[in-house]
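To keep things clear, I will list the structure first and then write my remarks on it.
The values are calculated or read from the model by the stated rules, or taken from the named source; none is laboratory data. Computed from a predicted model, the values in this text were never measured in an experiment. Reconstructed Cβ throughout: ideal geometry from the backbone, glycine too, with neighbour counts over all protein chains shown.
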Amino acid sequence: MDPRVKAVAAPKVLEQSFLEARSKLLDIAAILDRITRGDAAELVHQDVKISRIIEALKILQGSSAHKAEQIQKLFSLPYDANWEIPTPRY
Amino acid sequence: MQYIDPHIHMISRVTDDYHRMAQCGCVAISEPAFWAGFDRGSAEGFRDYFHHLVEVEPKRAALFGIRHFSWLCINAKEAENVSLSRDVIAMIPEFLQRPNVLGIGEIGLNKNTKNEATIFQEHMDLAAKTDELILIHTPHLEDKYKGTRMIVDMLKNDTRVKPHRVCIDHVEEHTVKLALDNGFWCGMTLYPTTKCTPARAVDIIEMVGTEKIMANSAGDWGKSDPLAVPELILEMRRRGHPETAIQKVVFENPLEFFRQSARWQEPFALLNFSK
Ligand SMILES: [Zn+2]
């Protein structure tokens, strides 16, 4: 950690970022509306992408201080620690 | 403020971009070898590409007082073709002693396949033999976390690797600590939609600090911003972070990492300043 780059005070962040957050939430709402309005909307219910979006919205409602990291992991493929590592040629 | 863009593909950018970057304070850039947007037909196509990286771009950059450095490899996407990759890796030593070459990069993974991992290791074998710095591309989107874990596994499995001579690039919230906690340098890429925004990059800096971390635009043939590093500078200023901390991330850190290369040359601006 670098004490010179402390996070800005919470009320100030809220003040500065409120309109941006509002705008981005509206974008997500409009994307979901667009999907609902389109033809064959029933097909997307089987698509994992929709459930990922819904899961991500649940993360936003939680109290974690690492929501961005949690959402990144939600949208990530699983890692298998037993994969076959290639052998270095010394 | 003087800054370095440690990862940008100027071959895909117009001369006006050099001009505007210089106007914004850019004094040096490094350009890793990457995917051209299409798979090249032969190793000879890479010979021409490497010639461009070591001869043409340094001259174009110098017109604007910018030092141009490059990294050589076959990128992770074309590394799926193992025999082509071996031909290209065999050709790299011909170019390694050119005055602007910093090391081997951007090697890495794309879809995290066995072939990509094989060629990643063979690049590391070359870097170990020739004692070169290594610049690493981590995969995009859903492949990033798994790919970064696999890359760290390979780096730790190779006892010749010195972490302070390796930079893991395109880190985001879920991968930054994999790089830093294992002693590697890391780069955050400020790129629309698929990578970091300047605001999220500054959030990451607030969370992990300013040691061994840098920021780049990865400007290329896609929709991208060659002035993304100045955007990060503005975002840090907007939050009231001191100039010394900003300068560490956008100038001193890449300088410290690059100065480990035998072929690093100080930016023109620094040489002139000391006259
Ligand atoms: Zn790149």
>> Based on this model, can you work out whether residue A:22 counts as away from chain B (no Cβ under 14 Å) and closer than 23 Å to residue B:196 by Cα?
In response: yes
>> Among the residues that make up the range B:18-36, is at least one of them within 16 Å of the ligand (Cβ to nearest atom), among the aromatic types (Phe, Trp, Tyr) and free of Cβ contacts under 8 Å to residues at least 40 places away in the same chain?
In response: no
> Of everything in the range B:155-169 that's out of contact with any strand residue (DSSP E or B) (no Cβ under 6 Å at 6 or more places or on another chain) and within 24 Å of residue B:254 (Cα to Cα), which residue is nearest to the other protein chains (Cβ to nearest Cβ)?
Replying inline: B:160
>> Need the failing condition index for residue B:11 against (1) aliphatic (A, V, I, L, M); (2) in a helix (DSSP H, G or I); (3) more than 14 Å from the ligand (Cβ to nearest atom), just the number.
In response: (3)
>> Looking only at the range B:207-230, count every residue that is of a type in the set (Asp, Glu) and buried (at least 18 other Cβ atoms within 10 Å of the Cβ) and tell me the total.
In response: 1
>> Checking the condition within 16 Å of the ligand (Cβ to nearest atom), within 11 Å of another protein chain (Cβ to nearest Cβ) and on the phi < 0 side of the Ramachandran plot, which residue from B:196, B:186 passes?
In response: B:196
>> Taking the conditions exactly as written (within 11 Å of chain A (Cβ to nearest Cβ), within 16 Å of the ligand (Cβ to nearest atom) and not polar (S, T, N, Q)), does residue B:172 satisfy them or not?
In response: yes
> Before we move on, is residue A:68 surrounded by 12 or more Cβ atoms within 10 Å (Cβ to Cβ) and without any contact (Cβ under 8 Å) to a residue 12 or more places away in the chain?
Replying inline: yes
> For the subset of the range A:52-80 comprising residues that are of a type in the set (D, E, K, R) and closer than 25 Å to residue B:178 by Cα, which member is farthest from the other protein chains (Cβ to nearest Cβ)?
Replying inline: A:55
> Which ones in the range B:106-121 are surrounded by 21 or more Cβ atoms within 10 Å (Cβ to Cβ) and at negative phi?
Replying inline: B:106, B:107, B:109, B:116, B:117, B:119, B:120
> Going through the range B:147-172 one residue at a time, which ones are in contact (Cβ under 8 Å) with a residue 12 or more places away in the chain, charged (D, E, K, R) and more than 20 Å from residue B:191 (Cβ to Cβ)?
Replying inline: B:149, B:156, B:158, B:160, B:165
> Does the range B:79-90 include one or more residues that are within 16 Å of the ligand (Cβ to nearest atom) and either over 24 Å from residue B:133 (Cα atoms) or within 14 Å of chain A (Cβ to nearest Cβ) (or both)?
Replying inline: yes
>> Suppose the filter is of a type in the set (Phe, Trp, Tyr), away from the ligand (no atom under 16 Å from the Cβ) and under 21 Å from residue B:261 (Cα atoms); does residue B:3 pass it?
In response: yes
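To keep it simple, each residue is scored yes or no on (1) among the β-branched types (Val, Ile, Thr); (2) more than 14 Å from every other protein chain (Cβ to nearest Cβ); (3) touching a residue at least 60 places away in the same chain (Cβ under 8 Å); (4) surrounded by 10 or more Cβ atoms within 10 Å (Cβ to Cβ).
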{"residue": "A:2", "(1), (2), (3), (4)": "no, no, no, yes"}
{"residue": "A:10", "(1), (2), (3), (4)": "no, no, no, no"}
{"residue": "A:29", "(1), (2), (3), (4)": "no, yes, no, yes"}
{"residue": "A:50", "(1), (2), (3), (4)": "yes, yes, no, yes"}
{"residue": "A:83", "(1), (2), (3), (4)": "no, no, no, yes"}
> Of these, A:23, A:76, A:63, which one is of a type in the set (S, T, N, Q), in contact with a helix residue (DSSP H, G or I) (Cβ under 8 Å, 6 or more places away or on another chain) and either in a loop (DSSP other than H, G, I, E, B) or at pLDDT 95 or above (or both)?
Replying inline: A:76
> Of the residues B:260, B:247, which single one is part of a helix (DSSP H, G or I) and polar (S, T, N, Q)?
Replying inline: B:247
> Consider residue B:204 against the criteria (1) among the aliphatic types (A, V, I, L, M); (2) within 13 Å of another protein chain (Cβ to nearest Cβ); (3) in contact with a Phe, Trp or Tyr (Cβ under 7 Å, 6 or more places away or on another chain): it satisfies all of them except one. Which criterion is unmet?
Replying inline: (3)
